[in-house]
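Some notes on the structure that comes next.
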Amino acid sequence: MAQPNYDRKAELTAFDETKLGVKGLVDAGISQIPRIFHVPSPNYLKSDHSQLTLPTIDLEGIDQDPIKRKQVIAEVKDAMESWGFFQIVNHGIPFSILEDMKKGVLGFFEEDNEVKKKWYTREMNEERRVVYNSNFDLYSSPVANWRDTIFCDMAQITPQADELPPTCRNIWPEYSSKVMKVGSGVFELLSEALGLKPDHLSNMGCLDGIALIAHYYPSCPQPELAIGIPDHADNSFITILLQDDVGGLKVFYKNQWVDVPPIKGALVVNAGDLLQLITNDRFISSQHKVLANKVGPRVSVASFFTTGRSTELSKVFEPIKELLSENNPAKYRTTTTKEYIDHYLRKGHDGTSALLHFKI
Ligand code: OGA
Ligand code: NI
C-alpha cells in the first residue's frame, strides 16, 4: 500500500475546502476513493474474528437494591481493569431520546449543502460553539479518515438554541443533560469500584464538562483501503457512546480486535486517558477503532467527559493519592487538562498513546 509521491498537502486542502467532507465525495458518486484516504499499512484494517464478548452490565435497580449495586460495582471494576470498555443497559435514557439523537445527527449531515457548509470550521473558540468538519487532525494524521464530525461543548455554558443547527437544536441539550445523569451514576460506580467514596471522581472535576462528538461514517466504496477512525484512545475521563446498528467499532483486548456489537438501547462506556492517569493505570484507556464499511451511513455520538474549556482547563490532575502506596508509586506526573488536550490534539491519531508524554 506504499504511496507514490504526490502533493498530499494540496489534495488535503482541496478536500477541506469543499466543506462537504467525506459525504460530499460519496454524493458526487465516486467509486474509487482519493489516495489521501488510503491507509499507509494493512495494520490499520486488522480485524480478528474473536470469540471474546465485551461485558454488558445491567444497571436496573442499582439505586434501590444494595446487593444488586454491589454486584454491578464488581462487574464495572472487572471490566475497567481488563477491557477499559463495557456496555450498559437500563441506564435510564428512554429509547426514544436515543433515536431522536441519532435522527438529529443524521438530519444535520443530510442537510442542504449550502446550509451545512456554514457550520464548517477548524476554529475552536468561544464564538464558534459548534464545529463541523471532516478529520480534526486532517493535516497531521498519516491518513484521512472516512468520517465527518460535528462537535459541541455542552456543559458549563449551555449553547443558545440558535448556536446549534436546526436538526440538533432541541435534542442535543436534552440528550446531553440525560447523558450527564448517566455519567454521574457511572462515576459513582467507578469511585466505589476504586474503593473511594461515591462522589470522589465527581468532586475531582470528572463531571465538570461534556462535549458531544457526533460522527457520520458514509458508505465507503472501497472499505478495504480506508479507515473510519484509526486506532486511538480517548482524551476524556470516560466516554459514553451511542451507536446505531451498523457496527464496525472494535476494541483492542488481549491482543485481539474485538467487536463492540450494537445492542438496541445500550450505551458503550469506556475509560479515557485521563481516567487511566488519575487511577495510575488501574482502569485502562483501551485502543479502539472503527472500520470503514460498504454499509452506511453509520452514525455515532460520543459524549466525552472532560473538564470544560474555560477556567477549568487549568485544573491540575495527578494519580489519586488514596490509590498510591510504596509498592505502587505514581506513574504519571501532574498535568492540567489543557496541557493534556493540547498535546493530544497536536499529536493527532498517530497510533501512539498520548499518555506516554506524562509518564514518570
Ligand atoms: C471517538 C470514537 C467511536 C465510534 O469518537 O473517539 O472512538 O463508534 N468513536 O464512532
Ligand atoms: Ni474513541
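Read the figures in this text as sums done on the coordinates, not as results from a lab. Values in this document were obtained by computation on a predicted structure and should not be read as measured data. We place every Cβ from the backbone using ideal geometry, glycine too, and count neighbours over all the protein chains shown.
Return a whole-number percent for the relative contact order of segment 17-159, with Cα pairs under 8 Å and 6 or more residues apart as the contact set. With pairs under 8 Å counted, the relative contact order is 28 percent. Within the shell defined by Cβ-Cβ distances under 14 Å, the residues around ALA330 carry a net charge of +1, with Lys and Arg each +1 and Asp and Glu each -1. Put in line by how crowded their Cβ is, counting other Cβ atoms within 10 Å and starting with the fewest, TYR132, TYR139, TYR120 read TYR139, TYR120, TYR132.
A protection proxy built from the mean count of other Cβ atoms within 10 Å ranks the segments 10-17, 146-153, 165-172, 196-203, most packed first, as 146-153, 165-172, 196-203, 10-17. Ordering MET101, MET124, MET80, MET180 from the fewest to the most neighbouring beta carbons within 10 Å gives MET124, MET180, MET101, MET80.
Taking all Cα pairs closer than 8 Å and separated by 6 or more residues, the relative contact order of the chain comes to 20 percent. With semi-axes defined as the square roots of five times the eigenvalues of the C-alpha gyration tensor, the equivalent ellipsoid of segment 168-290 measures 27, 19, 12 Å, largest first. Counting neighbouring Cβ atoms within 10 Å and putting the fewest first, the residues LYS289, LYS315, LYS9 line up as LYS9, LYS315, LYS289. A simple spin-label model places the labels of ARG35 and ASP100 4.8 nm from each other, with each point 7 Å out along Cα-to-Cβ. Label positions at ASP199 and THR53, each projected 7 Å from the Cα along the C-beta direction, are separated by 3.9 nm.
If you average the alpha carbon positions of segment 252-327 and of segment 102-149, how far apart do those two centres end up, in angstrom? If we compute the Cα centre of each part, the gap is 22 Å. Electrostatic tally near ASN133: other residues with Cβ closer than 13 Å to its Cβ, Lys and Arg +1, Asp and Glu -1, net +3.
Based on every Cα atom in the chain, Rg and the maximum pairwise Cα distance Dmax equal 19.8, 63 Å.
Remark: relative contact order (segment 240-360) = 24 percent; criterion is Cα-Cα distance under 8 angstrom and separation of 6 or more residues.
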